[in-house]
Structures are given as structure tokens and as C-alpha cells.
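Take a look at the structure set out below.
The values are calculated or read from the model by the stated rules, or taken from the named source; none is laboratory data. From a predicted model like this one, the values you see are computed outputs, not experimental measurements. With ideal geometry, Cβ positions are generated from the backbone for all residues, glycine too; neighbour counts draw on all protein chains shown.
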Amino acid sequence: MTRSHLTLGIETSCDETSFAVVADGRRILANVILSQTREHRRYGGVVPELASRRHLTNAVPLLHEALAEAGIGLDDLDLIAVTRGPGLVGALLVGVALAKALAWALDKPLVGVHHLAGHIHANFLAGPGEEPAPAPRLPAVALVVSGGHTDLFHLQADGGLEWLGGTRDDAAGEAFDKVARELGLGYPGGPVIDRLAARGDPQAFPFPRAMLDDDSLDFSFSGLKTAVIYELERRGWRDPDRRAELEAHLPDLAAGFQQAVVDVLVAKTVRAARQVGARQVYLAGGVAANRRLRRDLAAAAAAEGLELAYPPPVLCTDNGAMIAAAGYAAWRRGRRDGLDLDVDPDPPLDAWL
Ligand code: KG4
Ligand code: ZN
């Protein structure tokens, strides 16, 4: 039996520090994730300098943990893959500097990965005991919805990638986080709103569905956030003395807001698939963990005869395994980065393989 090819995946673009070991680009041997959300929560969002410093202190212990979990040593690694952007520059620097040091010391190839290519590749990974990993079905449409991005891509069979549309203002995850903050629910907002909404009536507060009827595949979520704030003001629920009244309406408010986001995401994704003749839809990014989005998109896709796939929740949010998978695919196609690899807060993305 031939030995597996082992990729180390490093992710430090935002507030998760993660190291993963992935075999042959698709089998997860270890995926260690340390989320800093508890530390950032009291500031209501990610504090970039704090994130960088936590990556710096946590990186080496987490790397050791990932290697131990995979049952390998540093010398067994065949490839070092690291997120080079988009993300917070100081946070990215920690991962990229460590990746370069490892590549140099071990004399192993290095590949800088686009964070969104990583999110897409989360769909092609198998966890332990879950083999084989699903092979990509192409052409496909990918909806990447995270804290920083809301983008629709056409994944082409030759590895090319065409951007079809995206948000003109806030990202979907950013809208969840900002609305959660207005509702006094803390950071990050997505998981809390998801949980509250499960008990609410999505029709009790009919918030606007921005850009639903225009022809583009673009999105806009900042007006929705304003609509929620306006509703709170109109009802007097921003008054701390009326917190109990607001609390009683939180499930309905969460459900109404969430449904407004989901309706637009679902409609535009189906439209994108029709437009490019895709039979397959991939969901990716932190917001892809949202249960309403998964359910409604599954129903809409089934009605159109489209296949829908999404990663398990732990692979939807930031993790090193998805970076290893995307890095391995790029390496297979001949990509190599030198030790002059730099971080890039907004790198181009024109290929996904
Ligand atoms: O992909 P990710 O971990 O980091 C970025 O690359 O941005 O995504 C984080 C985002 C946050 O905005 C968070 O609120 C959102 O994903 N999120 C969710 C859910 N879980 C995480 N949004 C809606 N529903 C969820 N269940
Ligand atoms: Zn992400």
C-alpha cells in the first residue's frame, strides 16, 4: 500500500486558531480548532490585535496537538498549506509566518490558500470513519456565506471559478452578528439567532427582502439590519426598562430576521444554478451551519431537481482541514509558493481547484 500524502492546514484569518492534518487532500486525520469567541464576546465583536496575540500564543501548542492526534511527527508532513487571505492582516501574519518557518525548516512545499476556496473545499472532506469523501460534481454553484463574505460562484469542471454575485454591503454573517448585538444577544450572533428562531414565528415580523426582485445575483443586508433597529425603536424596546417585553418577542424577531436573510439567499442561489446550468449546489462558510438555510435551500433545490451538499457544522466555520484540502488541490495542479509568500487581505480568486 502506498503511503498517504499528508498536508498540514493552518488557519488564523480571524478568531479561530486551527491546525489540521489531512491525508490525500480529503481524509481528516486531525482538525484542532481553538475558538476565541469567548474572549472577544465582551467587546461585541472581533478585536484584531487581541486575535493576533492569541494566535501567537496558541499556535505551537495546537500544532503539537494536531500532530499527536494524527499520530505523526513533523517529518511526516508532505505539504504546508496556510490561509493567506482574506482576513485580518495581523491574524493572517501569524499563520503565514509559522507556515514559512515550517516549510523552510522541514524543506517541504508551501501553498498559500484563499480562505473562500477553503470554505468551498469543506464540502469534499471525509471525517474519520466517513470514507470515501464526496467527489466534486460539476459544474456547480457555490454559495459562500460567512462573517466577511456573501458570494455566489460558478465552479467550472476545469477548475476555473466565475464570480456571479455578492453582497453590496454587509455579509450575511455580519448581519446576524450586528442584529444579535442590537437584540443584546452577544457575539457571535448566528448560532444564538438560529437557536432562538427555532421557537419563533417567522411571519410575526415581516422584514424586507432586499434585492429579491432585481435581476442581479447581488445581495444587500444593511437595510434589513436598519429595519430591525427601526422596529425596536418603534415599539420602545430599546428602553432598558422594557427589556422583559423585548425578551418575550426575541424568538419571533430572530425568526423574522433569519427568514428574510434565508429567503433571499435561497432565491438567488436557485437563480444562479439555473443561469449557469448547474445540477449541483454547494453551501459553504459559517452561515452554512444555519439550520433554516440548510432546510429551505434543500427544499428549493429538490423542487428544481438540483443536488444540494453542505459540510457538517464543524467544517462550516473556520478550520484548518478545509485549508489543507484546498491547498492540496492547488498543489496537485502545480501551485508552489516561495518563502517570500505574503499575506493578502483581498487576494484574487479565479480558480477553485
Ligand atoms: O466562516 P466563519 O467561521 O468565519 C468567517 O470567515 O467569517 O463564519 C463566521 C460567521 C459569523 O458571522 C457567525 O455569526 C456565522 O458565521 N454563523 C452562523 C451560524 N453559525 C455561525 N450564522 C447563522 N446561523 C448559524 N448557525
Ligand atoms: Zn471563514
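What to note about this one:
- Some residue of region 200-209 being away from ligand 1 (no atom under 16 Å from the Cβ), in a loop (DSSP other than H, G, I, E, B) and aromatic (F, W, Y): yes
- Taking first residues from region 20-42 that are of a type in the set (G, A, S) and surrounded by fewer than 19 Cβ atoms within 10 Å (Cβ to Cβ) and partners that are at pLDDT 95 or above and not in a helix (DSSP H, G or I), the Cβ contacts under 7 Å between residues at least 6 apart in sequence or on separate chains come to S35/E16.
- Helices (runs of 4 or more DSSP H) contained entirely in region 18-112, each with at least 1 residues that are touching a helix residue (DSSP H, G or I) at 6+ places or on another chain (Cβ under 6 Å) and within 28 Å of P188 (Cβ to Cβ): 48-70, 89-106
- Candidate set from region 133-151 (those that are away from ligand 2 (no atom under 16 Å from the Cβ) and buried (at least 24 other Cβ atoms within 10 Å of the Cβ)); member that is nearest to D346 (Cα to Cα): V141
- When L265 is tested against (1) surrounded by 17 or more Cβ atoms within 10 Å (Cβ to Cβ); (2) away from ligand 1 (no atom under 12 Å from the Cβ); (3) part of a helix (DSSP H, G or I), just one condition goes unmet, and that condition is (2).
- Which numbered condition L283 fails, given (1) over 20 Å from H121 (Cβ atoms); (2) in contact (Cβ under 8 Å) with a residue 40 or more places away in the chain: (1)
- Set V60, V94: member being of a type outside the set (D, E, K, R), in the same structural domain as A117 (by TED's automatic domain parsing) and within 22 Å of the chain's Cα centre (by Cα): V94
- Of everything in region 1-18 that is aliphatic (A, V, I, L, M) and farther than 11 Å from V32 by Cα, the residue that is surrounded by the fewest Cβ atoms within 10 Å (Cβ to Cβ) is M1.
- Residue match in region 321-342 (condition: closer than 25 Å to V179 by Cβ and either assigned by TED's automatic domain parsing to the domain that holds P208 or of a type in the set (D, E) (or both)): no
- In the set (1) within 23 Å of the chain's Cα centre (by Cα); (2) surrounded by fewer than 18 Cβ atoms within 10 Å (Cβ to Cβ), the condition left unmet by D215 is number (1).
- Within region 286-342, the set of residues being surrounded by 14 or more Cβ atoms within 10 Å (Cβ to Cβ), basic (K, R) and without any contact (Cβ under 8 Å) to a residue 40 or more places away in the chain comprises R294 only.
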